[in-house]
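I have placed the structure first, in the form of structure tokens, so that the comments after it can refer back to it.
The values are calculated or read from the model by the stated rules, or taken from the named source; none is laboratory data. Computed from a prediction, not measured in an experiment: that's the story for all the values here. Don't worry about glycine lacking a Cβ; one is built from the backbone with ideal geometry, like all the others, and counts go over all protein chains shown.
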Amino acid sequence: MSVYKPKGSPYFHFDFQLRGIRFHGSTGCRNRREGEAIEKVERDKAKERVKASGRGVARLTIDNAAGRYWSEVGQHHTCRKETWANLDRLVGYFGKDHLLDEITDDDVARLVAWRRGHKRWGRKDQPLISPATVNRSTTEVLQKLFCHARRTWKVRFDNEPDWGRHMLREPQERVRELRTDEGDRLDENVRGDYEPFLSFARASGQRFKECLFLKWSDVDWTELVITTQGKGGRAIIIPITSTIASILWPLRGHHRERVFTYVAQRTRVGRVKGQRYAMTVSGAKSQWRRLCKKAGVENFRFHDIRHDVGTKLLRDTGNLKLVQRALNHADIKTTTRYAHVLDEEVANALEQFQKSRNKSRNEMIKAG
């Protein structure tokens with residue numbers, strides 16, 4: 001039977017194949033009979049699309065493509081809720097029955113223009129989302145749907161959009177370093193249950209989500225390393241230094257799976273005041289904004305902690321390859337953004353060189 005109810009889900013799903021294309025989605029109903037009726041409608045629609053195509057190949061709607069991508073890839077992402085929201089936004093914009101292979105460059109251009117008008121966190125009092133957010137949460141997600149359909153499902157696109165044309169220009173990423181007094185103020189004002197999370201980020205230089213979603217299964221106390229998955233699915237290896245060990249060791253037993261937790265400040269649905277729960281993206285971001293405001297630290301993002309670590313590490317060691325390894329950069333070109341901290345060292349070296357030359361010249365004159 002192609003209509004089934006996943007464990008833990010209140011809804012029935014349909015799942016069938018037609019001419020080599022798998023159709024998958026939620027029925028939005030709560031009993032098998034209704035689910036089978038909806039599945040029949042979907043089958044009939046798919047057959048009509050095969051006839052209309054004239055190629056004997058079923059054509060995917062964006063709803064079916066998004067559903068299949070979710071079941072095969074998206075639900076396994078570390079930030080699967082974010083992936084779900086991005087896919088849902090695309091389906092809502094185009095409409096469930098819009099055919100994936102009928103999305104044109106004009107459609108993508110209009111999609112990008114529409115998305116650029118959105119405000120941060122969906123709040124009217126916030127500024128517009130950044131070009132980077134438009135690229136990551138919308139254009140690149142749609143591109144991944146096309147790419148996955150082409151490579152995995154062998155779907156043919158006669159006129160796939162030119163994705164490079166629709167990527168918005170992003171400003172060159174800045175390198176913001178914490179001043180000593182700023183770091184002290186952050187440490188003094190951070191909420192107690194969030195302090196280990198902040199300390200780990202400042203000690204390791206890892207990305208926000210690499211810190212937030214750290215699991216105990218990633219921590220190897222025997223080998224003194226943390227092995228997790230980073231950007232692009234690459235393996236991230238973090239040595240457990242004495243500082244990192246002192247941060248993590250007291251957290252054992254707080255949560256069965258996740259390393260960083262918070263204490264609920266009040267009782268609400270699914271939460272009991274005083275109990276510990278795994279940190280969430282929204283909760284951690286909210287606490288970060290409050291902390292910066294309370295500490296009087298302006299124009300400093302959580303990601304800038306990573307830049308701060310890279311900058312200070314390069315200043316102390318002068319070794320770009322070492323910084324690349326510590327920050328787990330795939331390409332050393334990314335690490336060179338921190339090279340500006342060596343300008344002072346270069347100036348000092350040139351000064352010493354000039355003094356040495358002048359000294360040698362004076363000695364030669366005296367000797368002559």
Please go through region 128-172 and give me each residue that is surrounded by fewer than 16 Cβ atoms within 10 Å (Cβ to Cβ), part of a helix (DSSP H, G or I) and small (Gly, Ala, Ser), ordered by number. Ala132, Gly164
Neighbours by Cβ (under 8 Å, 6+ apart or cross-chain): first from region 272-295, over 15 Å from Asp193 (Cα atoms); second among the aromatic types (Phe, Trp, Tyr): Cys292/Phe300
Hey, can you tell me all the residues within region 181-238 that are loosely packed, with under 13 Cβ neighbours inside 10 Å and on the phi > 0 side of the Ramachandran plot? Gly232, Gly233
Could you please find all residues in region 280-327 being of a type in the set (Asp, Glu) and in a helix (DSSP H, G or I)? Asp304, Asp308, Asp316
Over 23 Å from the mean Cα position of the chain (by Cα) and closer than 18 Å to Arg202 by Cα - does that describe any residue in region 251-270? yes
Select, from Val141, Val175, Val155, the only residue that is modelled with pLDDT under 95 and in contact with a Ser or Thr (Cβ under 9 Å, 6 or more places away or on another chain). Val175
Could you grab me the full set of residues in region 164-191 that are of a type outside the set (Asp, Glu) and within 27 Å of Lys144 (Cα to Cα)? Gly164, Arg165, His166, Met167, Leu168, Arg169, Pro171, Gln172
Does Ala278 qualify as being surrounded by 13 or more Cβ atoms within 10 Å (Cβ to Cβ) and among the small types (Gly, Ala, Ser)? yes
Could you tell me whether Arg268 is out of contact with any helix residue (DSSP H, G or I) (no Cβ under 8 Å at 6 or more places or on another chain), among the charged types (D, E, K, R) and more than 30 Å from Gly233 (Cβ to Cβ)? yes
Among the candidates Asn319, Asn328, residue that is touching a strand residue (DSSP E or B) at 6+ places or on another chain (Cβ under 8 Å) and either surrounded by 12 or more Cβ atoms within 10 Å (Cβ to Cβ) or touching a residue at least 60 places away in the same chain (Cβ under 8 Å) (or both): Asn328
Could you tell me which numbered condition Ser356 fails, if it satisfies all but one of (1) in contact with a helix residue (DSSP H, G or I) (Cβ under 9 Å, 6 or more places away or on another chain); (2) free of Cβ contacts under 8 Å to residues at least 12 places away in the same chain? (1)
If a residue has to be touching a Leu at 6+ places or on another chain (Cβ under 9 Å) and surrounded by fewer than 16 Cβ atoms within 10 Å (Cβ to Cβ) to count, how many in region 245-260 make the cut? 1
Selection status of Ala113, outside the structural domain of Phe213 (by TED's automatic domain parsing), in a helix (DSSP H, G or I) and touching a Leu at 6+ places or on another chain (Cβ under 7 Å): no
Do we have any residue at all in region 254-272 that's closer than 20 Å to Arg174 by Cα, assigned by TED's automatic domain parsing to the domain that holds Gly205 and out of contact with any Phe, Trp or Tyr (no Cβ under 8 Å at 6 or more places or on another chain)? no
From the list Asp187, Asp181, pick out the single residue that is free of Cβ contacts under 8 Å to residues at least 60 places away in the same chain, out of contact with any helix residue (DSSP H, G or I) (no Cβ under 9 Å at 6 or more places or on another chain), part of a helix (DSSP H, G or I) and not aromatic (Phe, Trp, Tyr). Asp181
Inspect all residues belonging to region 227-242 and state whether any of them is in contact (Cβ under 8 Å) with a residue 12 or more places away in the chain, closer than 22 Å to Gly74 by Cβ and among the β-branched types (Val, Ile, Thr). yes
Any hit, region 131-144, residues being within 30 Å of Ala264 (Cβ to Cβ) and in contact with a helix residue (DSSP H, G or I) (Cβ under 7 Å, 6 or more places away or on another chain): yes
Scan of region 83-104 for residues that are acidic (Asp, Glu) and crowded, with 16+ Cβ neighbours inside 10 Å, ordered by number: Asp101
